[in-house]
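The values are calculated or read from the model by the stated rules, or taken from the named source; none is laboratory data. Only a predicted model underlies this, so the values are computations on that prediction, with no experimental measurement involved. Note: ideal-geometry Cβ built from the backbone for every residue, glycine included; neighbour counts use all protein chains shown. In case anyone asks, the SASA skips ligands and DNA or RNA and just uses the protein heavy atoms, side chains included. Shrake-Rupley method; radii C 1.70, N 1.55, O 1.52, S 1.80 Å.
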Amino acid sequence: MNNRKVIVKIPASTANLGPGFDSLGMALSLYAWIELEASEQTTFRFHGDQMQGLPRDKSNLLYKVAQLVFDEAGVSVPELAVSMYSEIPLARGLGSSASAIVGALVAANALIGNALGEDKLFQMATELEGHPDNVGASLFGGIVVSAWDGYRADYIRIEPHKKLEALVAIPAFELLTEKARHALPAQISMADAVFNVGRSSLLVAALAGGELGMIRHAMKDRLHQPYRAALIPGMTTILERAAEHGALGAALSGAGPTLIAFVDAGNPDKAGLERFLLDTLKQEGIEAETLWLPPCADGAKATVKDAGAQAGIPFMDRVKGDVIA
Ligand code: HSE
């Protein structure tokens with residue numbers, strides 16, 4: 001084990017997909033990389049501006065999650081060299097915290113020869129994150145339909161349709177999930193519950209059956225988006241009118257503030273949809289960045305290398321060499 005260096009590539013994720021609050025997730029082709037190695041002394045190397053404020057001691061989330069895996073497996077790896085680079089923006093609704101949790105679980109498990117099974121990692125990830133939607137997508141890739149009762153999370157993975165592509169508009173401001181969850185009511189009406197059960201069921205059937213034309217009818221929601229609308233000016237207009245601009249459907253990505261629209265990859269006017277999203281947000285005074293992201297079919301993937309052989313190669317070169325290229 002001491003000679004191993006493990007690098008894990010983890011996809012970002014979009015949760016809820018409209019009506020599937022805390023239960024539907026899709027992996028997106030935007031990534032984080034986490035590297036772990038047993039070491040004489042615990043060290044942290046974070047690459048990229050957005051991670052510079054994270055703790056660099058044993059209170060760090062990656063370190064703590066890795067130790068949970070070792071405890072569960074009954075092994076001791078007290079000191080770790082941890083490196084991370086992420087393309088996934090923080091607190092924007094693209095599953096950055098889920099990617100960190102899943103990456104640390106998968107990396108720590110690979111470091112000890114995969115002592116824990118995938119299902120165990122999913123249970124641990126769900127408990128740590130508090131809901132299974134983002135972690136399921138980052139762990140398994142594709143579209144993940146899941147249900148958690150506080151004890152056990154069950155899931156079924158759906159292969160994303162080849163023609164399905166996503167456009168995300170990422171506003172320049174952060175929105176903490178905690179704040180976006182506080183906006184939700186403690187109770188909803190039976191009519192709204194029935195509305196969401198119907199839409200979410202329809203959406204899962206449409207995604208599983210490749211009925212892309214049904215998505216726009218299925219992506220409607222009354223459980224969380226209407227209550228979060230005040231936190232994301234422009235959201236309601238985008239959700240109501242994206243289909244007029246060629247979207248198959250649109251939703252708030254996770255707890256926001258990112259908005260996501262699904263498109264048929266063959267759509268001839270993708271630029272028109274992109275303009276509509278950016279212009280709508282701009283009218284509200286919000287600058288945003290757009291990215292076209294195909295769904296990612298692969299979940300978090302670990303590559304195990306001999307630490308000695310990799311010793312002279314900088315982490316970012318290993319990310320580029322092993323993973324991106
Ligand atoms: N399902 C969660 C929510 C996702 O909407 O609050 C948060 O990342």
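Excluding Gln41 itself, calculate the net charge of residues whose Cβ lies under 15 Å from the Cβ of Gln41, where each Lys or Arg counts +1 and each Asp or Glu counts -1.
-1
Would you mind checking the radius of gyration and Dmax of the chain based on alpha-carbon positions, in Å?
In order Rg, Dmax, the Cα atoms of the chain give 19.8, 62 Å.
Of all alpha-carbon pairs in the range 47-102, indicate the percentage at a distance above 14 angstrom.
When every Cα pair of the range 47-102 is considered, 59 percent fall beyond 14 Å.
Could you estimate the translational diffusion coefficient of the range 1-72 from the Stokes-Einstein equation, with Rh from the Kirkwood formula over C-alpha pairs, at 37 °C and 0.692 mPa s, in whole µm²/s?
Rounded, D is 222 µm²/s.
Can you run phi through the Karplus equation (6.51, -1.76, 1.60; θ = phi - 60°) for the range 71-78 and list ³J(HN,Hα) in whole Hz, with x for Gly and Pro?
4, 4, 8, x, 10, 10, 9, x
Where does the chain land at 222 nm, in deg cm²/dmol rounded to the nearest 500, when only DSSP H runs of n ≥ 4 count, each adding -39500 (n - 2.57), divided by all residues?
-10000 deg cm²/dmol
How many percent of Cα pairs in the range 141-203 exceed 16 Å?
Across the range 141-203, Cα pairs with separations above 16 Å total 73 percent.
Using the per-residue mean of other Cβ atoms lying within 10 Å as a proxy for protection, in what order, highest first, do the peptides 181-192, 220-231, 101-112 fall?
Going from most to least packed, we get 101-112, 220-231, 181-192.
What number comes out for accessible area per residue over the range 241-305 if the probe is 1.4 Å? Units Å², please.
Solvent-accessible surface per residue comes out at 43 Å².
I'm checking a number: the convex hull volume of the Cα atoms of the range 164-293, normalised per residue, in Å³. What is it?
Convex hull of Cα atoms, per residue: 101 Å³.
Mind listing the long-range amide H neighbours of Phe44? Cut-off is under 5 Å, sequence gap 5 or more, other chains count too, H placed in the peptide plane at 1.01 Å from N.
Hits under the 5 Å cutoff: Val82.
Along its principal axes, what span do the Cα atoms of the range 191-256 show, with the longest given first and each in whole Å?
Rounded to whole Å, the extents work out to 34, 29, 19 Å.
How long are the three semi-axes of the equivalent ellipsoid for the range 71-152, computed from the Cα gyration tensor as the root of 5 times each eigenvalue, in whole Å, largest first?
For the range 71-152, the semi-axes come out at 21, 18, 11 Å.
Compute the signed sum of charges (Lys and Arg +1, Asp and Glu -1) over the other residues within less than 15 Å, Cβ to Cβ, of Pro89.
Around Pro89, the surrounding residues sum to -4.
Taking a threshold of 29 Å on the Cα-Cα distance, which of the pairs Lys58/Lys120; Lys5/Lys179; Lys64/Lys179; Lys179/Lys301; Lys9/Lys64 fall above it?
Correct reply: Lys5/Lys179; Lys179/Lys301.
At a 1.4 Å probe, what is the % contribution of carbon and sulfur to the accessible area of the chain?
Carbon and sulfur atoms account for 51 percent of the accessible area of the chain.
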